[in-house]
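J.: First the structure, then my questions, so here it is.
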Amino acid sequence: MSLPMAAKSVVDLIESSSGVHYSGFHMDALNKINAGTVPPTTSVADHMYNQPFVIGVAGGAAAGKTEVCNMIIQQLHDQRVVVVNQDSFYHNLTEEELTRVQDYNFDHPDAFDTEQLLGVMDKLKHGQAVDIPNYDFKSYKSHAFPARRVNPSDVIILEGILIFHDPRVRELMNMKIFVDTDADVRLARRIKRDTVQKSRDIGTVLDQYSKFVKPAFDDFILPTKKYADIIIPRGGDNHVAIDLIVQHIRTKLGQHDLCKIYPNLYVIQSTFQIRGMHTLIRDCQIKTHDFVFYSDRLIRLVVEHGLGHLPFTEKQIITPTGSVYTGVDFCKRLCGVSVIRSGESMENALRACCKGIKIGKILIHREGEGDNSQQLIYEKLPNDISDRHVLLLDPILGTGNSAVQAINLLIKKGVPESNIIFLNLISAPQGVHVVCKAFPRIKIVTSEIELGLNKDYRVVPGMGEFGDRYFGTDDDQQVVVPSQ
Ligand SMILES: Nc1ncnc2c1ncn2[C@@H]1O[C@H](COP(=O)(O)OP(=O)(O)O)[C@@H](O)[C@H]1O
Ligand SMILES: Nc1ccn([C@@H]2O[C@H](COP(=O)(O)O)[C@@H](O)[C@H]2O)c(=O)n1
Ligand SMILES: [Mg+2]
């Protein structure tokens with residue numbers, strides 16, 4: 001698919017994204033677009049997908065790597081996380097090797113099929129599902145059990161004793177963790193695990209340990225500790241380390257690439273609740289009352305987040321226990337401005353948060369579809385707006401043309417650019433570029449960044465004509481349902 005020049009930079013940007021949600025856009029949607037059943041967008045390339053956040057977890061055998069991975073997964077409960085174990089890529093043994101399995105070194109880098117692992121990671125990073133062998137430690141075979149289907153995810157954890165050994169594998173990782181557990185503890189756990197789970201006798205376990213496991217740890221595993229970004233002593237017992245790691249991953253996942261380019265763009269932290277609400281209101285089949293209910297919930301979150309960016313002053317009060325509480329006082333010089341008509345859907349949430357707030361209005365007419373097709377029709381703003389912080393309300397940022405008109409008007413009225421906070425439910429990258437480039441000091445708060453704009457300059461995946469859907473005037477609206 002060829003791309004217009006203007007859209008290319010957005011595609012490049014999206015390609016390099018480190019993984020926040022692009023409005024639930026997935027490969028099947030891309031396939032439909034390629035098949036012509038969904039209108040193409042101005043910013044879709046064949047290789048567009050979310051780049052997962054890849055975490056490497058290395059450490060000696062029985063150090064607690066799996067335990068650490070499980071704890072990370074549990075704490076990242078609102079993200080799609082998948083673990084890829086290096087064990088899955090053990091080479092199958094030849095008949096001869098099988099007869100003398102006690103002489104086989106399972107702790108040597110050559111025991112693993114690293115090319116296959118790289119192939120799997122390449123597919124996952126390109127948004128494709130993969131089938132990963134399910135290695136059987138008892139029969140030493142990688143095809144004894146059915147393969148495990150792994151879908152592309154927000155976070156991929158690559159776990160294994162020698163996962164830092166090959167530089168090509170290391171390069172895939174955004175974060176490297178080394179689980180550093182005392183050798184005696186590792187040996188004790190290994191004896192227990194191998195005798196109970198693998199039904200091996202203790203003599204065999206100890207022979208393998210002294211012949212291969214310990215030397216390989218010293219020669220190959222320990223030397224990779226230097227590549228780690230984080231070393232976790234005591235493995236899964238180290239709750240502080242796990243908490244810090246999870247916090248870091250959350251920050252990275254929440255940091256959209258656009259946010260890195262434009263520090264004044266704030267995408268609210270995605271949770272299952274937020275994605276669930278987006279799923280509902282984006283659904284073309286939803287009933288008006290549900291659309292309003294879930295839009296209101298999301299709008300409230302955006303408004304609350306936006307209010308958090310207002311300046312504050314310190315305030316001390318006395319609590320009923322007679323204690324002094326040092327808190328903050330809300331910013332009082334504040335008003336809202338809604339862009340008619342969809343912006344009016346955000347007024348209730350603003351009123352609910354800011355008692356008695358003044359709300360002005362701007363009506364911009366969209367004439368034609370291209371650039372510079374907007375016309376200011378009406379405005380009614382508080383007289384003293386230049387002294388106020390302004391929360392500009394428009395649920396959808398598309399091309400950015402209306403937003404630029406509205407912001408220009410506010411600036412003409414004397415509002416300092418840095419006093420404007422633009423609140424959206426969804427924002428197209430194109431609009432973000434246009435607004436942030438024209439007004440680098442305003443803040444944009446949004447709940448999701450969209451894939452882009454279609455040939456009609458409509459936001460996709462989008463949610464249609466927001467005002468019509470919210471105010472129930474969308475009865476005769478055509479809905480394009482992509483064929484399956
Ligand atoms: N913090 C811990 N306390 C007690 N036992 C643990 C702990 N972490 C792991 N284990 C046990 O030790 C064994 C090895 O842990 P595992 O996480 O599978 O290690 P690895 O994946 O590094 O080989 C398992 O049987 C596991 O249940
Ligand atoms: N057939 C096999 C294959 C591997 N091992 C041992 O497993 C250890 C790696 O797994 P971890 O979960 O502990 O990382 C490694 O030390 C191999 O010796 C085995 O015993 N049998
Ligand atoms: Mg393990």
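Every number here is computed from the coordinates shown, using simple stated rules; none is lab data. Please read all numbers here as calculations on a predicted model, not as lab measurements. Using ideal geometry, Cβ is built from the backbone for each residue, glycine included, and neighbour counts are taken over all protein chains shown.
J.: Using the crude model of +1 on Lys and Arg Cβ and -1 on Asp and Glu Cβ, and no other charge, please compute the dipole size for region 53-252 relative to its Cα centre, in debye to 20. Display every interim value, and only then the final one.
T.: Values: 26 positive and 29 negative charges, 103 e Å.
That gives a dipole near 500 debye.
J.: Once fully extended, how much extra length lies between S418 and H365, figured as 0.36 nm per residue of separation less the alpha-carbon to alpha-carbon distance? Please report the intermediate quantities before stating the final value.
T.: Working: separation 53, 0.36 × 53 = 19.08 nm, distance 2.59 nm.
Here the answer is 16.5 nm.
J.: Next question. How far is helix 65-75 tilted, in degrees, relative to the longest principal axis of the Cα atoms in the chain, given as a value from 0 to 90 rounded to the nearest 10?
T.: Helix 65-75 sits roughly 20 degrees off the main axis of the chain.
J.: Report Rg(Cα)/(2.2 N^0.38 Å) for region 366-445, keeping two decimals.
T.: Numbers: Rg = 12.2 Å, N = 80, 2.2 N^0.38 = 11.6 Å.
The value comes to 1.05.
J.: On to the next question. Using the Cα centre of the chain as origin and beta-carbon charges of +1 (Lys, Arg) and -1 (Asp, Glu), tell me which of A183, I357, A228 is placed farthest towards the positive end of the dipole.
T.: After comparing all options, I get I357.
J.: Debye sum, Cα scatterers, region 53-252, no solvent: what log₁₀ I/I(0) at q = 0.18, 0.19 1/Å?
T.: -1.38, -1.52
J.: Also: Report the label-to-label distance for E304 and Q269 in nanometres (one decimal), using points 7 Å from each Cα along the Cα→Cβ vector.
T.: 1.2
J.: Additional query: What dipole magnitude, in Debye to the nearest 20, does the chain give about its Cα centre under +1 on Lys/Arg Cβ and -1 on Asp/Glu Cβ?
T.: Result for the chain is approximately 1280 debye, rounded to the nearest 20.
J.: Using 1/(1 + (r/R0)^6) with R0 = 41 angstrom and r between the beta carbons of L206 and A129, what's the FRET efficiency to the nearest 0.05?
T.: Once rounded, the FRET efficiency stands at 0.50.
J.: Going 7 Å from the Cα of T326 in the Cα-to-Cβ direction, what parts of region 285-315 have a backbone nitrogen less than 15 Å from that spot?
T.: Hits in region 285-315 for T326 at 15 Å: 313-315.
J.: Still on this structure: Report the label-to-label distance for I191 and R351 in nanometres (one decimal), using points 7 Å from each Cα along the Cα→Cβ vector.
T.: 7.4
J.: Here is a further query. Quick one: if the Förster radius is 25 Å, what FRET efficiency do K138 and D110 give, using the C-beta to C-beta distance and rounding to 0.05?
T.: Values: r = 22 Å, r/R0 = 0.88.
Once the sixth-power term is evaluated, E becomes 0.70.
J.: Can you find, among G308, L381, A129, the residue farthest towards the positive end of the dipole of the chain? Put +1 on the C-beta of Lys and Arg, -1 on that of Asp and Glu.
T.: The residue sitting most towards the positive pole is L381.
J.: Estimate the FRET efficiency between R341 and R168 by the formula 1/(1 + (r/R0)^6), using the beta-carbon distance for r and 60 Å for R0, to the nearest 0.05. The partial results should precede the final answer.
T.: Numbers: r = 54 Å, r/R0 = 0.90.
Result of the calculation: an efficiency of 0.65.
J.: Going through region 319-388, which GluC sites (Glu not before Pro) have at most 10 other Cβ atoms within 10 Å and a DSSP loop state? Walk me through the numbers on the way to the answer.
T.: Numbers: sites: E344, E347, E367, E369, E379; in loops: E367, E369.
Answer in residue order: E367.
J.: Still on this model: What nm distance separates the two modelled labels at D468 and A183, each placed 7 Å from Cα along Cα→Cβ?
T.: Rounded to a tenth, the inter-label distance reads 7.3 nm.
J.: So for the chain, averaging the separation of alpha carbon pairs under 8 Å that are six or more residues apart and normalising by length, what relative contact order in percent results?
T.: Values: 849 pairs, mean separation 80.4, N = 484.
That works out to 17 percent.
J.: If you wrap the chain's Cα atoms in a convex hull and average its projection over all directions, what's the area in nm²?
T.: 29.2
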